[in-house]
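Below is one structure, written out as structure tokens; the observations come after it.
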Number of protein chains: 2
Amino acid sequence: MNEVQKKGQAAKLASYSLAGISTMAKNEALEMIAGQLLKDQAEILAENQKDLQEGKQKGISEAILDRIMLNEKRIDDMAHAIRQLISLHDPIGETIETIQKENGLFIKKNRVPLGVIGMIYEARPNVTIDAATLCLKTGNAVILRGSSSAKFSNMAIVQSIHRALEKSAIPLDAVQLIEDTSRETAQALFHLDQYLDVLIPRGGKHLIETVKREATVPILETGAGNCHVFIDDSAEEDMAVRIVLNAKTQRPSVCNAIETILIHEQWFDRYGVKLLEVLHENGVEIYGDETICRAFKAANTATEEEWYTEYLALSVSIKVVKHLDEAIEHINKYGSQHSEAIITDNELNASIFLNKVDAAAVYHNASTRFTDGFEFGYGAEIGISTQKLHARGPMGLNALTSSKFFIYGSGQIRE
Amino acid sequence: MNEVQKKGQAAKLASYSLAGISTMAKNEALEMIAGQLLKDQAEILAENQKDLQEGKQKGISEAILDRIMLNEKRIDDMAHAIRQLISLHDPIGETIETIQKENGLFIKKNRVPLGVIGMIYEARPNVTIDAATLCLKTGNAVILRGSSSAKFSNMAIVQSIHRALEKSAIPLDAVQLIEDTSRETAQALFHLDQYLDVLIPRGGKHLIETVKREATVPILETGAGNCHVFIDDSAEEDMAVRIVLNAKTQRPSVCNAIETILIHEQWFDRYGVKLLEVLHENGVEIYGDETICRAFKAANTATEEEWYTEYLALSVSIKVVKHLDEAIEHINKYGSQHSEAIITDNELNASIFLNKVDAAAVYHNASTRFTDGFEFGYGAEIGISTQKLHARGPMGLNALTSSKFFIYGSGQIRE
């Protein structure tokens, strides 16, 4: 048995007792974790410095170093997030459905934990604390496998969690960190069907694609967002400009930012160049189709590749379309089924767009930036699912649960 | 583009228009399919004969030939099942959740079709009609890939479905049959991520294991049932015997029949040998641990392998355990998380068992044979899920749906 299997087995055993622990005991443990993190702050920051120094020596980019970096404020934020999580409703034990049969059988379907959740993620050490506490709140054991670039920080954080759990009703084995961040341990996790109930990758496209291709464990896919706004013929000029600008520039690095603008040709004739100018003034690099490039000198030519690209930066692809159907077809072909918006005054067109576009969230006259567990009022977010099974769109605590049928009889048999 | 990709693409396109078709139009199409099947009966039976003759020549077993065999009664049953399906509530379009935000955004979460469902299955041609009609009822397109041993029957059935669809609002491409039953087409289906939203394998353990190992498309796992009954110390003798006999012998070939009996040692001392005798008299072959083999001459010795075995036949593994915890541990180690029962008069033991045993359905004082979509009142069954994501236990129409967030605004942007 290798390290990953041993930790898998230990997590599985812990998950059986975790499933029976009360909400109060779970919340007490979470409070202890929040307190312990603050107590261990100096130690965690010292270990984080080791990661940062190693990163600098290896020539890791400033952007990634910033993601790895912890400071007092970031640790305070972690503790604060845990206290918010404590205040959330615990979904475990809820009865979703009851069935009373004529033969006297009583059936109830309750929410239960998934069991053991694997998390494989990149860079940010705050994912370590996020994932661990969300899993514990929902009665799940968790196996964490972060990246080598944050290994000292991750070890210090998990050590702090373990110190807190020692005083709690939750077994230490409920939170496992795989310290060896080699390719082999990732591979082992992909195939840990015996002990893992689900594997959640959090990180870049490459990580997610690898997990999708290789894992035999069921996965929850999150993250990729090639989102569009379609400006219809009848869109109000002001609203269209405001929404496009917000969806593209307010925070371009996130998955619910837009990557492509589709514009109805009649709207483009009226307001198109003005929109392009506003984008340009706001520092947005434009990749356009022929019409765009003819109308606006600063535009680059968009090739097939650009329509598929999630820039996650101040760049955007723009295409002029003849009608609604062409916009819908484009989105269903190139989109990643995340968040898609139409801006229009035409209710019928809005309805056709919302129904025919295949995505987790579809918007009429609003920015795609609202696709977010906190914005939707879930109080927590595991990620944004772009798959159709189990959970779609922003995932709150319910996404970390399964269900179980409890059947109560008095000797019933099937005739 | 090969046959499978072409059919995938056509099904995907059909799925977009299917998603917008009304319940009435879907039910009308289903009624046409039921009528057409009866009209095409002679033709379907003639094609079925070809499969049966080929099967006999190839030396296929009588049991499998019986599964392939169609007759007037079986076609009548298919038409009857379709008419029952018509009467069921259509889940598509249901609003599951609504959120009114302070900024004026209105968010609703609706049930929508999954999109394109792949079915890969063995022998029984009735799965062809079942799968196609359940998918159409829930607005999904379907790609069917049956086994070579039923290929003529499957082709005749799908031809009949297409004749019916020609007169309906549903595009013909919504139901696709992959006629080439070679290994290559199965492989292509496993990796048809571009067009398939989910793949459902229905068949033996080998098929399901292959799909789990190889598919990159998300799957819904069904079927494997290594189920147990635990007879606790305080179990009433009559009830225990009645339930065990029902769960083992009423229909041993199905997944919710039991494969192992665990008996508390004190109950065994009092009634064990009588139970073994009853099982033996009912033609059940017994594989037992040491205590069983010592007490009952006709018993065979159970090895590690037997505890894992799903006999699907009149055989059973029996183990005497010291206490409740040993029973729970055994089930969580060897079980397939399908259906598990405890027979006891001790409410506390029942509660511990139901909570700690990790399975889709857990029973107190009733036969495991009730785990079934029809018994649970769902009116239809796609299969019994033994996974924890998306759906667990008997799957009705809801299991063939996903959800989608519709967000209505008036120009809202994120601050």
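The values are calculated or read from the model by the stated rules, or taken from the named source; none is laboratory data. Quick caveat: nothing in here was measured; it's all calculated off a predicted structure. Positions of Cβ are generated from backbone atoms using ideal geometry, with glycine treated the same way; all protein chains shown enter the neighbour counts.
What the table below lists for this structure:
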| item | result |
| --- | --- |
| Residue that is farthest from the other protein chains (Cβ to nearest Cβ), among those in the stretch A:85-114 that are surrounded by 12 or more Cβ atoms within 10 Å (Cβ to Cβ) and part of a helix (DSSP H, G or I) | A:ILE86 |
| Which listed residue, of B:ILE382, B:ILE331, B:ILE352, B:ILE318, is under 30 Å from A:PRO394 (Cα atoms) and either surrounded by 23 or more Cβ atoms within 10 Å (Cβ to Cβ) or more than 16 Å from the chain's Cα centre (by Cα) (or both) | B:ILE382 |
| Residues that are surrounded by fewer than 16 Cβ atoms within 10 Å (Cβ to Cβ), among the small types (Gly, Ala, Ser) and without any contact (Cβ under 8 Å) to a residue 40 or more places away in the chain, drawn from the stretch B:172-217 | B:SER182 |
| Any hit, the stretch A:51-65, residues being surrounded by 19 or more Cβ atoms within 10 Å (Cβ to Cβ), of a type in the set (S, T, N, Q) and either at pLDDT below 95 or in a helix (DSSP H, G or I) (or both) | no |
| Selected residue [farther than 24 Å from A:ILE231 by Cβ and in contact with a Phe, Trp or Tyr (Cβ under 9 Å, 6 or more places away or on another chain)] from A:GLY396, A:GLY379, A:GLY373 | A:GLY396 |
| Condition check for B:THR344: in contact with a Gly (Cβ under 9 Å, 6 or more places away or on another chain), of a type in the set (Val, Ile, Thr) and more than 7 Å from chain A (Cβ to nearest Cβ) | no |
| Any chance A:TYR287 is modelled with pLDDT under 95 and either touching a Gly at 6+ places or on another chain (Cβ under 6 Å) or farther than 28 Å from B:ALA399 by Cα (or both) | no |
| A:ASN300 over 30 Å from B:GLU214 (Cα atoms) and either surrounded by 16 or more Cβ atoms within 10 Å (Cβ to Cβ) or touching a Gly at 6+ places or on another chain (Cβ under 9 Å) (or both) | yes |
| Matching residues in the stretch A:66-89 - criterion: being under 23 Å from A:ASN27 (Cα atoms) and polar (S, T, N, Q) | A:GLN84, A:SER87 |
| Qualifying residue in the stretch B:151-166 (condition: surrounded by fewer than 24 Cβ atoms within 10 Å (Cβ to Cβ), free of Cβ contacts under 8 Å to residues at least 24 places away in the same chain, outside any loop (DSSP other than H, G, I, E, B) and in contact with a strand residue (DSSP E or B) (Cβ under 8 Å, 6 or more places away or on another chain)) | yes |
| Unmet requirement for A:GLY20, which otherwise passes all of (1) more than 14 Å from every other protein chain (Cβ to nearest Cβ); (2) without any contact (Cβ under 8 Å) to a residue 40 or more places away in the chain | (1) |
| Condition broken by A:GLU259, with the remaining ones in (1) at the interface with chain B (Cβ under 10 Å from one of its Cβ atoms); (2) among the charged types (D, E, K, R); (3) within 19 Å of the chain's Cα centre (by Cα) satisfied | (1) |
| Residue in the stretch B:202-235 that is farthest from B:ASN332 (Cα to Cα), counting only those that are assigned to a strand (DSSP E or B) and away from chain A (no Cβ under 14 Å) | B:ARG202 |
| Index of the failed condition, A:LEU397 passing every other in (1) away from chain B (no Cβ under 11 Å); (2) out of contact with any helix residue (DSSP H, G or I) (no Cβ under 9 Å at 6 or more places or on another chain); (3) of a type in the set (A, V, I, L, M) | (2) |
| Every residue from the stretch A:115-134 that is within 14 Å of another protein chain (Cβ to nearest Cβ) and buried (at least 24 other Cβ atoms within 10 Å of the Cβ) | A:VAL116, A:ILE117, A:GLY118 |
| Which listed residue is over 29 Å from B:PRO394 (Cα atoms) and in a helix (DSSP H, G or I), from B:ARG242, B:ARG270 | B:ARG270 |
| Test: B:LEU196 is within 14 Å of chain A (Cβ to nearest Cβ) and more than 15 Å from the chain's Cα centre (by Cα) | yes |
| A:ASN27 vs. criteria within 30 Å of B:ILE352 (Cβ to Cβ) and either of a type in the set (Val, Ile, Thr) or in contact with a helix residue (DSSP H, G or I) (Cβ under 6 Å, 6 or more places away or on another chain) (or both) | yes |
| Meets criteria (facing chain B (nearest Cβ under 7 Å) and out of contact with any strand residue (DSSP E or B) (no Cβ under 6 Å at 6 or more places or on another chain)) for A:LYS356 | yes |
| Residue within the stretch A:171-185 that is farther than 22 Å from A:ILE68 by Cβ and within 12 Å of another protein chain (Cβ to nearest Cβ) present | no |
| Residue ID - farthest from A:LYS101 (Cα to Cα), chosen from residues in the stretch A:400-415 that are among the polar types (S, T, N, Q) and within 7 Å of chain B (Cβ to nearest Cβ) | A:SER402 |
| Tabulated pairs, the stretch B:242-269, first free of Cβ contacts under 8 Å to residues at least 12 places away in the same chain, second part of a strand (DSSP E or B), C-beta under 7 angstrom, 6+ apart or interchain | B:ARG242/A:GLY411 |
| Qualifying residue in the stretch B:285-293 (condition: buried (at least 21 other Cβ atoms within 10 Å of the Cβ), of a type in the set (Gly, Ala, Ser) and not in a helix (DSSP H, G or I)) | yes |
| Matching residues, the stretch A:367-394, being facing another protein chain (nearest Cβ under 8 Å) and not in a strand (DSSP E or B) | A:SER367, A:ARG369, A:PHE370, A:THR371, A:GLU375, A:PHE376, A:GLY377, A:GLN387, A:LYS388, A:LEU389, A:HIS390, A:ARG392 |
| Test result for B:ASP77, surrounded by fewer than 17 Cβ atoms within 10 Å (Cβ to Cβ) and not aliphatic (A, V, I, L, M) | yes |
| Number of positions in the stretch B:134-163 that are polar (S, T, N, Q) and under 20 Å from the mean Cα position of the chain (by Cα) | 4 |
| So A:LYS248, is it within 14 Å of chain B (Cβ to nearest Cβ), crowded, with 23+ Cβ neighbours inside 10 Å and either touching a helix residue (DSSP H, G or I) at 6+ places or on another chain (Cβ under 9 Å) or in a strand (DSSP E or B) (or both) | yes |
